[in-house]
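The values are calculated or read from the model by the stated rules, or taken from the named source; none is laboratory data. Note that the coordinates shown come from a computational prediction; the quantities given were computed from them, not determined experimentally. Virtual Cβ from ideal backbone geometry, glycine too; neighbours counted across all protein chains shown. Just so you know, the surface numbers come from the protein's heavy atoms only, side chains and all, with ligands and any DNA or RNA stripped out. Shrake-Rupley method; radii C 1.70, N 1.55, O 1.52, S 1.80 Å.
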Amino acid sequence: MTHPDTILIADDDASLRQVITTLLQEEGFNVLQAADGNECLHIAYEQRPDLILLDIMMPNKDGREVCQRLREFSTIPIIMLTAISQEREIIDRLLGGADDYITKPFDNDELVARIRAVLRRTRQHSRQPPYDDGYLYIDFDARQVRVQGNLVSITPKEWRLLEYLIKNANRVVPRQTLLRHVWGAGYEDQYNYLKVFIAHLRQKLNDHARRPRYILTEHNIGYRFQTHH
């Protein structure tokens, strides 16, 4: 059974948020709402929606700044909502990390079509096959980890950490990058958090702490996931 996609609407216009919410719910989506930039960042980090509709003009961080902050820890697709139709502004916005834009006022059918197109395009690019070396099996779609066939319990933060390491397999990922991706901006110097979670992951993967097979430590730099195919 597939779960409905969750869309986060970030706009300071409460009536517009409700109109879009009703429209998207009728189309089968789950919907979250944020009234300003800070609330959008908080919900995006905690809830991990499938797509964000982001208004360019908002209090407490405008859409451009929110987009930049989101890209520090997430690849969630973003569609900008804007009343500005100048071509230069649109290009700047897309270069700032957005995946698409739609100008207000917009046609309801067009908005839904844009959302579905961006979700479809994003999944085609981001779909990752399972990792399987005969001992460790990781299903990225189901978010499941198995060691010697046995299902391992993984917390959401452990999953984000492991997934990011594997997507950058056989390359050293700096500690600051991992902290920003898993915990968000502002945690880049919390190395103890990372050390504890790496230890938990190694234990769950039956990875020897002193001679790890999968998650290797590059001292004072970061960590590297070593594949074994």
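Of the numbered criteria (1) polar (S, T, N, Q); (2) open to solvent by 60 Å² or more (accessible area, probe 1.4 Å); (3) in contact with a strand residue (DSSP E or B) (Cβ under 9 Å, 6 or more places away or on another chain), the one SER15 fails is (3).
Screening TYR164, TYR223, TYR193 for residues that are closer than 29 Å to LEU41 by Cβ, in a strand (DSSP E or B) and of a type outside the set (S, T, N, Q) leaves exactly one candidate, TYR223.
For region 183-203, give me each residue that is open to solvent by less than 60 Å² (accessible area, probe 1.4 Å), out of contact with any strand residue (DSSP E or B) (no Cβ under 9 Å at 6 or more places or on another chain) and modelled with pLDDT of 90 or more. Matches in region 183-203: PHE197, ALA199.
Taken over region 161-179, the criterion of being among the basic types (Lys, Arg) and under 17 Å from VAL196 (Cβ atoms) is satisfied by ARG175 alone. When region 35-66 is filtered for residues that are in a helix (DSSP H, G or I), within 13 Å of the chain's Cα centre (by Cα) and among the aliphatic types (A, V, I, L, M), the ones remaining, listed by number, are LEU41, ILE43, ALA44. Exactly one residue among ARG146, ARG180, ARG175 is within 20 Å of the chain's Cα centre (by Cα) and either open to solvent by less than 50 Å² (accessible area, probe 1.4 Å) or modelled with pLDDT of 85 or more (or both), and that residue is ARG175.
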